[in-house]
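The values are calculated or read from the model by the stated rules, or taken from the named source; none is laboratory data. Because the structure is a prediction, the values reported are computed rather than measured. Cβ coordinates were reconstructed from backbone atoms using ideal geometry, including for glycine residues, and neighbour counts include every protein chain displayed.
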Amino acid sequence: MKSWLCLVSLIVAIPGLTAAQTRVRGMLETRDYEVDVDTVRFFWGTIPDQVFYPDWGGPPGVTDSVTFVLPGFPPNLELYYQVDGGNVPPETIFSIVPDSWYLLPVPTTSQPRVKFRELSGIEERTGGPVLRSVACMPNPFVNHTVVRCCADASVRVSGAVYDACGNLVRVLRPAAASQTVMMFVWDGCGHSGRELPAGIYICRLRSGPISSSLRLVKLTGR
């Protein structure tokens, strides 16, 4: 009997196996740079690390957010990211203060920055993440691709496509919507209606201060 009680106590003490979870939102301002965060590692000292591989960031001048589900608010983290397509040394932040901005090192004054804060239950129901499960198909594509996202029915979502340099090439309008799913169709053309060259593009969906981005790969041929 004592052995079973010890096992139960051990399971409850291990983060990630408890019923209580904390939702932490990270906000990233790219400012004058294209910033892509590919790995986020949270650590609690002797507590096991939590590692995520988010699609977080985007072209210059955007604010992007991502929500992490953690066993508690993290005291420390490491960010592995790229700036303007080039790798930079990972940034470590110790003793994170909730809702405080932290600058990411770049050799200018307009530095990208990040902050983290815990989401409350009320905030999640009223002002929490409204863009969920953003995906597109096909990708890569030739003639067209459909971008889908799950969003609350009362939420207004806008879409835009940028080239690899961060230039706006097309504004997207919702092609269809339901109570929970919204779709945007891009035919691979720019504002003028002319086909754009093959390459990598970024589709960004935005609802108020919340945004999410996807990399689109356009192939040659029609």
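Listed values, structure above:
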| quantity | calculated |
| --- | --- |
| Residue count for segment 130-153, restricted to those that are modelled with pLDDT of 70 or more and outside any strand (DSSP E or B) | 6 |
| Set Phe94, Phe73: member being modelled with pLDDT of 85 or more and under 15 Å from Arg23 (Cβ atoms) | Phe73 |
| Residue among Gly127, Gly121, Gly86 that is at pLDDT 85 or above and not basic (Lys, Arg) | Gly86 |
| Index of the failed condition, Pro197 passing every other in (1) in a strand (DSSP E or B); (2) at pLDDT 90 or above | (1) |
| Residue in segment 154-168 that is modelled with the highest pLDDT, counting only those that are touching a strand residue (DSSP E or B) at 6+ places or on another chain (Cβ under 8 Å) and surrounded by fewer than 17 Cβ atoms within 10 Å (Cβ to Cβ) | Leu168 |
| Thr18 being modelled with pLDDT of 85 or more and exposed (fewer than 15 other Cβ atoms within 10 Å of the Cβ) | no |
| Which numbered condition Leu77 fails, given (1) in a loop (DSSP other than H, G, I, E, B); (2) of a type outside the set (Ser, Thr, Tyr); (3) at negative phi | (1) |
| Residue match in segment 93-104 (condition: among the β-branched types (Val, Ile, Thr) and under 22 Å from Cys165 (Cβ atoms)) | no |
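Listed here are the residues, each with its yes/no results for (1) surrounded by fewer than 15 Cβ atoms within 10 Å (Cβ to Cβ); (2) more than 15 Å from Gln111 (Cα to Cα); (3) touching a residue at least 60 places away in the same chain (Cβ under 8 Å).
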| site | (1), (2), (3) |
| --- | --- |
| Arg25 | no, yes, yes |
| Thr30 | no, no, yes |
| Glu34 | no, no, yes |
| Asp38 | no, yes, no |
| Phe43 | no, yes, no |
| Pro54 | no, yes, no |
| Pro60 | no, no, yes |
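Residue-wise test of (1) surrounded by 12 or more Cβ atoms within 10 Å (Cβ to Cβ); (2) closer than 13 Å to Glu34 by Cα; (3) not basic (Lys, Arg).
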{"residue": "Pro75", "(1), (2), (3)": "yes, no, yes"}
{"residue": "Leu79", "(1), (2), (3)": "yes, no, yes"}
{"residue": "Gly86", "(1), (2), (3)": "no, yes, yes"}
{"residue": "Pro89", "(1), (2), (3)": "no, no, yes"}
{"residue": "Phe94", "(1), (2), (3)": "no, no, yes"}
{"residue": "Asp99", "(1), (2), (3)": "no, no, yes"}
{"residue": "Pro105", "(1), (2), (3)": "no, no, yes"}
{"residue": "Val114", "(1), (2), (3)": "yes, no, yes"}
